[in-house]
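Colleague: First, the structure itself, so that you have it in front of you.
The values are calculated or read from the model by the stated rules, or taken from the named source; none is laboratory data. Note that the structure is predicted; figures quoted are calculated from it, not measured. In this analysis, Cβ positions are derived from the backbone assuming ideal geometry, glycine residues included, and neighbour counts consider all displayed protein chains.
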Amino acid sequence: MRIGELSKSTGFQVETLRYYEKQGLITPVSRTEAGYRQYDQESLKQLQFVRKAKSVGFSLNEITELLTLRVERDNHSCGDVKSIAEKKITNIDKKINELTEMRDALYKITEACCGGVEPATSCTILNALDNGMDIEKK
């Protein structure tokens with residue numbers, strides 16, 4: 001199938017597919033005499049894999065690594081794959097903690113703000129951001 005057909009089948013934009021090709025995530029099996037890229041069912045399966053991997057938060061670099069493990073299954077263990085997933089979980093947990101701290105800091109300075117019609121010169125939110133009042137992570 002041509003890249004446009006692959007785009008329709010996967011929901012990825014043609015530009016995205018070209019980018020993925022440059023990144024080595026997919027490879028056309030051939031080109032037509034007119035130079036059009038030709039893809040097969042394996043390309044479709046790889047893109048479905050990419051979509052699912054993205055949906056659980058894997059980056060393109062991580063997906064490339066997972067695709068390599070997928071293709072070379074006989075040379076790798078489940079432990080290799082699990083290690084990548086566990087690293088991702090650790091990163092997600094770290095981001096959740098950072099977001100929680102940011103939310104808590106915003107709650108703190110937002111609750112201190114009167115939210116009234118007073119001039120913003122006395123706004124506790126702006127003052128906290130200007131002066132670095134006790135809103136940093138603890």
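Colleague: Looking at the stretch 37-54, is at least one residue in the same structural domain as L69 (by TED's automatic domain parsing), at positive phi and not aliphatic (A, V, I, L, M)?
Modeller: Taking every residue of the stretch 37-54 in turn, none turns out to be in the same structural domain as L69 (by TED's automatic domain parsing), at positive phi and not aliphatic (A, V, I, L, M).
Colleague: While we're looking at this one, here's another question. Out of the stretch 1-25, which residues are closer than 18 Å to L67 by Cα and in contact (Cβ under 8 Å) with a residue 24 or more places away in the chain?
Modeller: Answer for the stretch 1-25, where residues must be closer than 18 Å to L67 by Cα and in contact (Cβ under 8 Å) with a residue 24 or more places away in the chain: T10, F12, L17, Y20, Q23, G24, L25.
Colleague: Hey, another quick one. I'm told S30 meets every condition in (1) touching a helix residue (DSSP H, G or I) at 6+ places or on another chain (Cβ under 9 Å); (2) under 23 Å from R70 (Cα atoms); (3) not charged (D, E, K, R) except one. Can you identify the failing condition by its number?
Modeller: (1)
Colleague: Tally the residues that are at pLDDT below 90 and part of a helix (DSSP H, G or I), restricting the search to the stretch 90-119.
Modeller: Here the count works out to 0.
Colleague: Give the residue that is nearest to Q23 (Cα to Cα), with candidates limited to residues of the stretch 67-79 that are surrounded by 15 or more Cβ atoms within 10 Å (Cβ to Cβ) and out of contact with any helix residue (DSSP H, G or I) (no Cβ under 6 Å at 6 or more places or on another chain).
Modeller: Here the residue is L67.
Colleague: Right, here's the next one. Among the candidates C114, C78, single out the residue that is closer than 30 Å to A128 by Cα and hydrophobic (A, V, I, L, M, F, W, C).
Modeller: Going through C114, C78 in turn, just one is closer than 30 Å to A128 by Cα and hydrophobic (A, V, I, L, M, F, W, C): C114.
Colleague: Does C113 count as farther than 30 Å from K45 by Cα and in contact (Cβ under 8 Å) with a residue 12 or more places away in the chain?
Modeller: Yes: the conditions hold for C113.
Colleague: So which residues in the stretch 87-113 are exposed (fewer than 11 other Cβ atoms within 10 Å of the Cβ) and of a type in the set (D, E)?
Modeller: D93, E111
Colleague: Only one of (1) within 30 Å of T124 (Cα to Cα); (2) in contact (Cβ under 8 Å) with a residue 24 or more places away in the chain; (3) of a type in the set (A, V, I, L, M, F, W, C) is not met by L60, so which one is it?
Modeller: Answer for L60: the failing condition is (1).
Colleague: Can I ask one more? Take the conditions small (G, A, S) and within 30 Å of T27 (Cα to Cα) and apply them to G132. Does it pass?
Modeller: no
Colleague: Hey, another quick one. For the structure I just gave you, tell me whether N61 is loosely packed, with under 10 Cβ neighbours inside 10 Å and in the same structural domain as Q23 (by TED's automatic domain parsing).
Modeller: Answer is yes for this residue.
Colleague: Right, here's the next one. For the stretch 9-44, name all the residues that are loosely packed, with under 12 Cβ neighbours inside 10 Å, assigned to a helix (DSSP H, G or I) and among the charged types (D, E, K, R).
Modeller: E15, K22
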